[in-house]
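Trainee: Quick one: structure below, then a few questions.
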Amino acid sequence: TDLSAYKRSAALTALDYVKDGMVLGLGTGSTAKEFIMALGTKVAAGMKLRGVSTSRETATLADRSGIVLLDDNDHWPIDVAVDGADQVDPSFNLIKGGGGALLKEKIVAVSAKQFIVLIDYTKRVPFLGKTFPLPIEVISFGWRNTARAIEALTRSRVVLREQAGAPFRTESGNLIVDTHMARIDNPRELDAALHHIPGIVETGLFIDCADVLIVGTPQGVETYHA
Ligand code: DER
């Protein structure tokens, strides 16, 4: 089924949190794209917005929507960050990284005063894992050893993400390994343990990040405050 209508309805609801003069954290992916396009209407109506993008793709779209982009070296007084997710559990813990932008997304999400997550209803899960592997960003130096350490810790299979037959490279020049786990019982504990493996740059586990969750469902839009 085409889920874009649900993503768009969540994106339009998120506009309620956007005020003139704000600095916005702009996520990456198809749901974030719906939000950024919706922002274009606010800018066209005269709203002044600045933004921090989490990927080149998002930067291009934000620029086209008339949002003034801050650069890497600017101060980032981010009022609201808005992004999608690959999975959301009942405690608002997320798996993100399906689009490969998790490092910049996590930096922006935690920099923001408020972090809003937009999803369609299919992203809600009773527990993380199972239907979506956990993306982990690793530096390429010794990545096979890093991958083995992750497999030992998680007792799961780790697969190097590829694109067009070559290793996928993040915008920071790193690699992503996708970690297939049947169930992540304690995502906070797992995230902490993973961060002790030196080759790991960042994980796709967003624990205690989301402040607001907006869900597009066949019964309408549901908003939850964490
Ligand atoms: O890669 C990412 O982190 C994306 O934000 C992902 O979590 C959601 O992508 P989607 O909105 O296209 O489903």
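Trainee: Kindly express, to the nearest 10 degrees and within the range 0 to 90, the angle between helix 143-154's C-alpha long axis and the longest C-alpha principal axis of the chain.
Mentor: 90 degrees
Trainee: In nm, to one decimal, how far is the Arg144 label point from the Asp20 one, both placed 7 Å along Cα→Cβ?
Mentor: Spacing of the two 7 Å Cα→Cβ label points: 6.0 nm.
Trainee: Give the average over all directions of the projected area of the C-alpha convex hull of segment 1-99, one decimal, in nm².
Mentor: The Cα convex hull of segment 1-99, projected and averaged over all directions, gives 6.9 nm².
Trainee: Also: How big is the dipole moment of segment 13-159 about its Cα centre under a simple scheme where the beta carbon of each Lys and Arg is +1, that of each Asp and Glu is -1, and everything else is neutral? Debye, nearest 20, please.
Mentor: Roughly 400 debye for segment 13-159.
Trainee: Between Asn73 and Gln163, take the C-beta separation as r, use R0 = 30 Å, and let me know the FRET efficiency to the nearest 0.05.
Mentor: The value I calculate is 0.55.
Trainee: Now for a different question. Return the whole-Å distance between the Cα centroid of segment 11-49 and the Cα centroid of segment 142-176.
Mentor: For segment 11-49 versus segment 142-176, the Cα centre distance is 33 Å.
Trainee: Counting only C-alpha contacts under 8 Å and six or more residues apart, can you give the relative contact order of the chain as a whole percent?
Mentor: Values: 496 pairs, mean separation 51.4, N = 226.
Relative CO of the chain lands at 23 percent.
Trainee: A further question follows. Taking K and R as +1 and D and E as -1, what net charge do the other residues with C-beta under 12 Å from the C-beta of Val138 add up to? Mind showing how you got there, number by number?
Mentor: On the way: positive: Arg144, Arg148, Arg161, Arg169; negative: Glu137, Asp178, Glu202.
Around Val138, the charge tally is +1.
Trainee: Here is a further query. How many percent of DSSP beta bridges within the chain run antiparallel, rounded to 5?
Mentor: Taking every DSSP beta bridge within the chain, about 55 percent pair in antiparallel fashion.
Trainee: For segment 123-202, what is the charge dipole size about the Cα centre, in debye to the nearest 20, if Lys and Arg each add +1 at the Cβ and Asp and Glu each add -1 at the Cβ?
Mentor: 280 debye
Trainee: Here's another thing I want to ask about it. Could you list the trypsin sites (Lys or Arg not before Pro) in segment 108-144 that lie in coil according to DSSP, counting only those with at most 13 other Cβ atoms within 10 Å of their Cβ?
Mentor: Here the sparse-neighbourhood loop sites are Lys113.
Trainee: Note the angle between two axes, namely the Cα long axis of helix 102-111 and the longest principal axis of the Cα atoms of the chain, as a number of degrees from 0 to 90, rounded to the nearest 10.
Mentor: 50 degrees
Trainee: Could I ask something else about it? Along the positive direction of the dipole of the chain (beta-carbon charges: Lys, Arg +1; Asp, Glu -1; about the Cα centre), which of Gly165, Pro198, Ala226 reaches farthest?
Mentor: It is Gly165, whose Cα lies furthest towards the positive end.
Trainee: For the chain, restrict the atom set to alpha-carbon positions and state the Rg and Dmax in Å.
Mentor: Cα radius of gyration and Dmax of the chain are 17.2, 54 Å respectively.
Trainee: Roughly how many nanometres apart are two label points built 7 Å out from the Cα toward the Cβ at Met37 and Ser4?
Mentor: 0.5 nm
Trainee: Let's see if you can work this out: charge +1 on each Lys and Arg Cβ, -1 on each Asp and Glu Cβ, no other charges. What is the dipole magnitude of segment 21-76 about its Cα centre, in debye to the nearest 20?
Mentor: In debye, rounded to 20, segment 21-76 gives about 220.
Trainee: Turning to a different aspect of this structure: Pick from Thr31, Thr54, Thr41: which residue has the top mean-square fluctuation in a GNM of the chain where Cα pairs under 10 Å get a spring?
Mentor: Result: Thr41 has the largest fluctuation of those listed.
Trainee: When the label point is put 7 Å from the Cα of Arg124 along its Cα-to-beta-carbon vector, which residues of segment 12-38 have a backbone N closer than 18 Å?
Mentor: Hits in segment 12-38 for Arg124 at 18 Å: 12-14.
Trainee: So, in nm, how far is label Thr223 from label Asp63 when the simple model puts each one 7 Å beyond its Cα toward the Cβ?
Mentor: My value for the distance between the label points is 3.3 nm.
Trainee: I've got another one for you. Could you please report the charge total around Arg169, scoring K, R as +1 and D, E as -1 over all other residues with beta-carbon less than 12 angstrom from its beta-carbon?
Mentor: -2
Trainee: Of Thr131, Ile107, Val88, whose Cα points farthest to the positive end of the dipole of the chain (charges on the beta-carbon: +1 Lys, Arg; -1 Asp, Glu; origin at the Cα centre)?
Mentor: Thr131
Trainee: Let's test the formula: R0 of 41 Å, r as the Cβ-Cβ distance of Arg183 and Ala44. What FRET efficiency results, to the nearest 0.05?
Mentor: Calculated value: 0.35.
Trainee: Could you give me D for segment 134-206, from Stokes-Einstein at 10 °C and 1.306 mPa s, where the hydrodynamic radius is the Kirkwood radius over C-alpha pairs? Units µm² s⁻¹, please.
Mentor: The calculation lands on 130 µm²/s.
Only the coordinates and a few stated rules stand behind these numbers; no lab work does. Everything quoted here is computed from the prediction, not taken from an experiment. Quick reminder, even Gly has a Cβ in these numbers, built from the backbone with ideal geometry, and neighbours come from all protein chains shown.
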